[in-house]
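Step one of this worksheet: look at the structure below.
The values are calculated or read from the model by the stated rules, or taken from the named source; none is laboratory data. Not measured: the values here are computed from a predicted model. When we count neighbours, we look across all protein chains shown, and the Cβ atoms used for this are built from the backbone with ideal geometry, even at glycine.
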Amino acid sequence: MLDFLSHNEAPISDVQWDEIDQTVIEVARRGLVGRRFIEIYGPLGAGAQWVALDRFDDGEVGGKPGHIDFLGEDGGTALVTASRVNMHIPLIYKDFVLFWRDVEASRKFNIPLDFSAAAAGAAACARAEDEMIFLGYKDKSKQIDYPGLLTVEGRQSIQHGNWDEPGAVFGDVVKATEKLASAGHYGPYVMVAPPQIHSKIHRYVNTTGMMEIEYIRQLATDGVFFSSVIPENRILVASTGVQNFDLAIGQDLKTAYLGAQNMNHPFRVFETIVLRIKRPGAICVIEGKK
């Protein structure tokens, strides 16, 4: 076991540690949305604090084809990054406490420990991760301003129609994918909507016998998802793939023991992760009038 997790110092058994780890992973897996369509880079290791971000010129990647000749000696232009910056990998965490009396009761009377606090910590970390992915992360004291998929400069956008009308959301997704394809981003596409819109698209379109979400899935073949961190007047449509964006992970979700305090036992659910947006033009936000 990794020393910095202090598992050997905690007053719980190996079996109970396994129960905590399983609880954290299962809760996070159910709650995380961004990881369902964003590819992973790493893990780089718990001590990794920086990762490089290479930005590519959309015109170089999507607008210009590869070179063609018979011998491969006619030159051609190599694909190079337009810019490179180093990104600090932030720590996402939530602490929880197991009370000493509960631990002692479990040990003496063989009563199962209640790990709902660990589950709540995992849910809090999952929400924080998705907020960073979709909305970005700012820390003025450290002069850090990392954009999210909905906020990055250079993203494309269109104005939405009347989403109360059946078929209107699908029509907007069609327009968004057309705009992405015209810029050289051919998919596969993903759509992420707020819960209010996700509910609306579970309706039948006229007399076709098909729900609106079924039409949308034919375009967004990488998935149609919803997330409560998405503002209710926006929908994300993006072309997925590591050439466009990925998640750089130092340490994936783990639980560490922090040492006894006031006889009780605090723990920490944590991860180190950062979103790398390489081609902002692969993102189209459907939004209302500004």
#### Entry: Checking residue 191 against (1) closer than 25 Å to residue 87 by Cα; (2) buried (at least 18 other Cβ atoms within 10 Å of the Cβ), the condition it does not meet
(1)
#### Entry: Residues being surrounded by 12 or more Cβ atoms within 10 Å (Cβ to Cβ), of a type outside the set (A, V, I, L, M, F, W, C) and closer than 23 Å to residue 187 by Cβ - total across region 202-222
6
### Query
For region 32-43, which residues satisfy the criterion of being crowded, with 17+ Cβ neighbours inside 10 Å and out of contact with any Phe, Trp or Tyr (no Cβ under 9 Å at 6 or more places or on another chain)?
32, 35, 42
### Segments classed as strands (runs of 3 or more DSSP E), wholly inside region 53-163, with at least 2 members that are at pLDDT 90 or above and touching a Leu at 6+ places or on another chain (Cβ under 9 Å)
83-88, 91-98
### Query
Looking at 202, 265, 198, which one is in a loop (DSSP other than H, G, I, E, B) and either without any contact (Cβ under 8 Å) to a residue 60 or more places away in the chain or more than 20 Å from residue 146 (Cα to Cα) (or both)?
202
## Note on the structure
Flagged in region 11-23 as surrounded by 15 or more Cβ atoms within 10 Å (Cβ to Cβ) and either under 17 Å from the mean Cα position of the chain (by Cα) or part of a loop (DSSP other than H, G, I, E, B) (or both), in numbering order, are 12
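Got a sec? Which of 249, 230 is touching a Pro at 6+ places or on another chain (Cβ under 6 Å), hydrophobic (A, V, I, L, M, F, W, C), in the same structural domain as residue 86 (by TED's automatic domain parsing) and at negative phi?
Just a single option satisfies the conditions, and that option is 249.
Of all residues being of a type in the set (D, E, K, R) and more than 18 Å from residue 51 (Cβ to Cβ) in region 232-260, which is surrounded by the fewest Cβ atoms within 10 Å (Cβ to Cβ)? Just the residue, please.
Among those that are of a type in the set (D, E, K, R) and more than 18 Å from residue 51 (Cβ to Cβ), it is 232.
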